[in-house]
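The values are calculated or read from the model by the stated rules, or taken from the named source; none is laboratory data. Note that the coordinates shown come from a computational prediction; the quantities given were computed from them, not determined experimentally. Glycine gets a Cβ as well: all are built from the backbone with ideal geometry, and neighbour counts include every protein chain shown. When the accessible area is computed, the model is the full protein with side chains, heavy atoms only, and any ligands, DNA or RNA have been set aside. Shrake-Rupley method; radii C 1.70, N 1.55, O 1.52, S 1.80 Å.
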Amino acid sequence: MANHQAAYEVLAEQLSDAGVDVAAVKAALKRQHIETPSWGYANSGTRFKAFAWPGAATTTQQKLDDAAMVHKMTGIAPSVAVHIPWDKPADEDYTAMRQYAEAQGIRIGAVNPNVFQDDEYKLGSLGNPDPAIQERALDHILECCDIMRKVNSDILSLWFADGTNYAGQDSLRLRKRRFERGLEAVKPHLPAGGRMLIEYKFFEPTFYSTDIPDWGTAYAWAIKLGEQAQVLVDLGHHAQGVNIEQIVAFLLDEGKLGGFHFNNRKYADDDLIVGSTNPYELFLIYNELAAAEMSDDPTLSASARNVAYMIDQCHNIEGKLAPMIVSVLNCQEAYAKALIAPRKQLAELQMAGEVLLAHKLLTDAFRTDVRPLLAVVREELGAPADPIAAYKASGYEEKIRRERGVASTSGGFQ
């Protein structure tokens, strides 16, 4: 990174010669916001084993401290998503929790209800055949709506593990109706300006049917629910080979793309570091987002700028904070590459039917080394040019290992 300024000047000249507004690119990168998840700082694992990491957070305050450190290192991670009840304060003082986050230079972001972990949810939550359990799940979601007001959050992030394992286990049609009834009941309880993001997953933990199996189901319900409901896309929640960027383009155009849970996968919902397995896919997703942001259509541009970018990963064997920093940086790099794609020239080639040249133009942007540009942007934001090196030199990892020790684990989270 020592020579990044000289490399940046060369890159900036090349981009300017290609018609790219470098100042506009830098301004967009400085507006970028990647939300990190509180649960990503705690111990986590598979259903077989959670491997304890020295210094992993065990309290919400520790998670907020860690999130603040990631923001300090990157400059673009100013909020942290919380999961209830995992992040429920012992004294239930959510105002104090919000104030503590703000004192660390970050804020509370999306609120995630947990309606999948308790024994009662074995057969589902809102889709459960037992009305009493449906009511319990709804009560918890409404509790989270109240928490949103206390922490100044405007996003209710909804993921459900509901489904069935066997044909005939339950009525698929009735499960659909139960969900629609439950989600409709949530809507009046959202805070002013708040929105619910409906996440989908094509399988797991149920294996015969999943109640929200794909983006089309989430989209259909978001249409029924109105402006307060949008779709949340988790990169790991698709079958092999699904064209996620096409889903993103469709939802953007419909004004129904609410947000992302960024991660990466090889086989299923692996929750690996975003961009680690398929960086080209991440770039293509950001390409659609950047194109919409830069569109002359004000409605489309506003829709793109309102998308919530969140990370949802399980760092089981590679540490906690350093991989979170890498994840944020990978999102930053993909966005930068998408921003430098020459849109006008690309559109002309597309309209002319120049298949190969259009493809080459886009892949040339992907292959561009934007790291010098990002180093300069970080410095201008007051963050280190090389965040990983700065984090290692900070002594923070050694400090939390010494102070927190190693927490006992079993499986899953916490």
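In summary, residue 249 fulfils each of the numbered conditions (1) surrounded by 15 or more Cβ atoms within 10 Å (Cβ to Cβ); (2) part of a loop (DSSP other than H, G, I, E, B) with the single exception of condition (2).
Checking the stated criteria, residue 167 turns out not to satisfy the condition of being touching a residue at least 24 places away in the same chain (Cβ under 8 Å), of a type in the set (Gly, Ala, Ser) and closer than 16 Å to residue 222 by Cβ.
Within the stretch 362-381, none of the residues are within 20 Å of residue 234 (Cβ to Cβ), touching a Gly at 6+ places or on another chain (Cβ under 7 Å) and modelled with pLDDT of 95 or more. Specify the residue that is farthest from residue 29 (Cα to Cα); the eligible residues are those in the stretch 295-338 that are assigned to a loop (DSSP other than H, G, I, E, B) and within 14 Å of the chain's Cα centre (by Cα). For the stretch 295-338, the residue satisfying everything is 314.
With respect to the stated conditions, residue 90 is within 21 Å of residue 152 (Cα to Cα), open to solvent by 30 Å² or more (accessible area, probe 1.4 Å) and modelled with pLDDT under 95.
Residues in the stretch 265-277 include at least one that is open to solvent by 20 Å² or more (accessible area, probe 1.4 Å), in a loop (DSSP other than H, G, I, E, B), touching a residue at least 60 places away in the same chain (Cβ under 8 Å) and in contact with a strand residue (DSSP E or B) (Cβ under 9 Å, 6 or more places away or on another chain). Screening the candidates 221, 215 for the property of being in contact with a strand residue (DSSP E or B) (Cβ under 7 Å, 6 or more places away or on another chain), open to solvent by less than 20 Å² (accessible area, probe 1.4 Å) and in contact (Cβ under 8 Å) with a residue 12 or more places away in the chain yields one hit, 221.
As a summary of the residue check, residue 86 satisfies the conditions (1) part of a loop (DSSP other than H, G, I, E, B); (2) closer than 28 Å to residue 322 by Cβ; (3) without any contact (Cβ under 8 Å) to a residue 12 or more places away in the chain except for the one numbered (3). Out of the residues in the stretch 170-182 that are open to solvent by 70 Å² or more (accessible area, probe 1.4 Å) and basic (Lys, Arg), state the one that is farthest from residue 221 (Cα to Cα). Taking the candidates together, the pick is 173. Exactly one residue among 235, 284 is more than 30 Å from residue 151 (Cβ to Cβ), open to solvent by less than 40 Å² (accessible area, probe 1.4 Å) and either without any contact (Cβ under 8 Å) to a residue 40 or more places away in the chain or not acidic (Asp, Glu) (or both), and that residue is 284. Of all the criteria given as (1) open to solvent by 20 Å² or more (accessible area, probe 1.4 Å); (2) hydrophobic (A, V, I, L, M, F, W, C); (3) in a loop (DSSP other than H, G, I, E, B), the one not satisfied by residue 383 is (1). Count of the stretch 310-335 residues, restricted to those that are surrounded by fewer than 21 Cβ atoms within 10 Å (Cβ to Cβ) and hydroxyl-bearing (Ser, Thr, Tyr), is 0. Of note, residue 152 satisfies the criterion of being in contact (Cβ under 8 Å) with a residue 40 or more places away in the chain and open to solvent by 20 Å² or more (accessible area, probe 1.4 Å).
Taken over the stretch 16-53, the residue count meeting the criterion of being under 15 Å from residue 315 (Cα atoms), part of a helix (DSSP H, G or I) and of a type in the set (Gly, Ala, Ser) is 2.
Could you count how many residues in the stretch 17-40 are closer than 17 Å to residue 329 by Cα and touching a residue at least 12 places away in the same chain (Cβ under 8 Å)? Number satisfying all stated conditions: 12. Of the residues making up the stretch 54-83, those that are part of a strand (DSSP E or B), under 20 Å from residue 407 (Cβ atoms) and open to solvent by less than 10 Å² (accessible area, probe 1.4 Å) number 3.
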